[in-house]
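Taking it in order: structure first as structure tokens, then the write-up.
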Amino acid sequence: MKAPALGIDIGGSGIKFGLIDVDKGEMIGDRVKIDTPKPSTPDAVAAAIRDAILQLNWKGDKIGVGFPAIIVDGVSLSAANIDKAWIGTNVEELLHSYTGHKYYVINDADAAGVAERMYGRINHIKGTVLLLTLGTGIGSALFYDGILIPNTEFGHIQYKGDIAENWVSNRARKERSLDYDTWAKELSEFLDYMILMVSPRLIVLGGGISFRFDEFAHHFNHLRTPVVNATAYNDAGIIGAAIAAHPELMEPFV
Ligand code: BGC
């Protein structure tokens, strides 16, 4: 049995914390959510996380974090929906300097994918599987035989003269005043495009929209790849972040 780990999901509008039973992939108790500081500079976010961890009275040593940017070796290489000062910041070192814990940071959509890969929809699915999170941006996690190919950033591919997340993220849906039906029809076109790009065996949708999945899922019936909802809904990012703090759990399928 592994000790529970703290998972943190840093988003453009909120930062979510959850204590995770990493053996079961389940949250213990309630999740805690705070607003992402504005501006969301590295120091402001790190201080907010430190304060929340103090309030949670977290005594463990390891903390996993899902961060909404390209993450290579703990360093943020992009910043689409968070302050640009994050570019080039070593997120693991910065957070460590604020609280003294050991941090494991991965891309937020990769974290959601890892949760589904360990305990949800992607568990034991061979071949190519694509998970997309639809929130402020569009995050992506791509798996082949259960192995994550990190930082795919499909929300930033050129699409209809812009980047995809500016058309079909949940933020774009609100900004464009689209109802769920109209939006889901447009999303199905984007999913069709992604199917052409990577021919996944399965597409999993997560993020803030996952609670309403059943209302619009029929718009995906005609696609050649089945589209399902993330089992952990919008909590997949927190659960996967906590799993990232235990890299030994991420063995490839055999
Ligand atoms: C970022 C990704 C992130 C996604 C969801 C995108 O704008 O570039 O790194 O995974 O938003 O937060």
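The values are calculated or read from the model by the stated rules, or taken from the named source; none is laboratory data. These numbers were taken from a predicted model, which means no experiment stands behind them. Cβ: placed from backbone, ideal geometry, glycine included. Neighbour counts: every protein chain shown. To get the accessible areas, we keep the full protein, side chains included, count just its heavy atoms, and leave off ligands, DNA and RNA. Shrake-Rupley method; radii C 1.70, N 1.55, O 1.52, S 1.80 Å.
Quick one: G88 ticks every box in (1) within 11 Å of the ligand (Cβ to nearest atom); (2) in a loop (DSSP other than H, G, I, E, B); (3) out of contact with any Ser or Thr (no Cβ under 6 Å at 6 or more places or on another chain); (4) not assigned by TED's automatic domain parsing to the domain that holds R176 except a single one, so which number is it? All conditions are met except number (1). Entry remark, the stretch 144-157: residues being at negative phi and part of a loop (DSSP other than H, G, I, E, B) number 3 in total. Going through the stretch 158-180 one residue at a time, which ones are open to solvent by 40 Å² or more (accessible area, probe 1.4 Å) and assigned to a loop (DSSP other than H, G, I, E, B)? Listed by number, the residues that qualify are K160, G161, R176, S177, D179. Restricting attention to the stretch 209-254, the residues that are modelled with pLDDT of 95 or more and polar (S, T, N, Q) add up to 3.
Selection of the stretch 100-111 for residues being away from the ligand (no atom under 16 Å from the Cβ) and open to solvent by less than 40 Å² (accessible area, probe 1.4 Å) yields H101, Y103. Against the test of being at pLDDT 95 or above, open to solvent by 10 Å² or more (accessible area, probe 1.4 Å) and under 22 Å from G135 (Cα atoms), the options D35, D43 yield a single qualifying residue, D35. Remark: pairs (first residue in the stretch 92-107, more than 13 Å from V75 (Cβ to Cβ) and of a type in the set (D, E, K, R); second residue modelled with pLDDT under 95 and open to solvent by 50 Å² or more (accessible area, probe 1.4 Å); Cβ separation under 6 Å; 6+ apart in sequence or on different chains) = K102/D61; K102/K62.
Does D73 satisfy the criteria of being within 16 Å of the ligand (Cβ to nearest atom) and of a type in the set (D, E)? For D73, the condition - within 16 Å of the ligand (Cβ to nearest atom) and of a type in the set (D, E) - is met. Screening I28 with (1) assigned to a helix (DSSP H, G or I); (2) surrounded by fewer than 16 Cβ atoms within 10 Å (Cβ to Cβ) gives one miss only, at (1). Kindly indicate whether H124 is in contact (Cβ under 8 Å) with a residue 24 or more places away in the chain, within 14 Å of the ligand (Cβ to nearest atom) and either open to solvent by 40 Å² or more (accessible area, probe 1.4 Å) or among the basic types (K, R) (or both). Taking the combined requirement at face value, the residue does not satisfy it. Of the numbered criteria (1) in a strand (DSSP E or B); (2) free of Cβ contacts under 8 Å to residues at least 60 places away in the same chain, the one L132 fails is (2). Just so you know, in the stretch 135-150 the residues that are open to solvent by less than 40 Å² (accessible area, probe 1.4 Å) and near the ligand (Cβ under 9 Å from one of its atoms) include one that is modelled with the lowest pLDDT, and it is G135.
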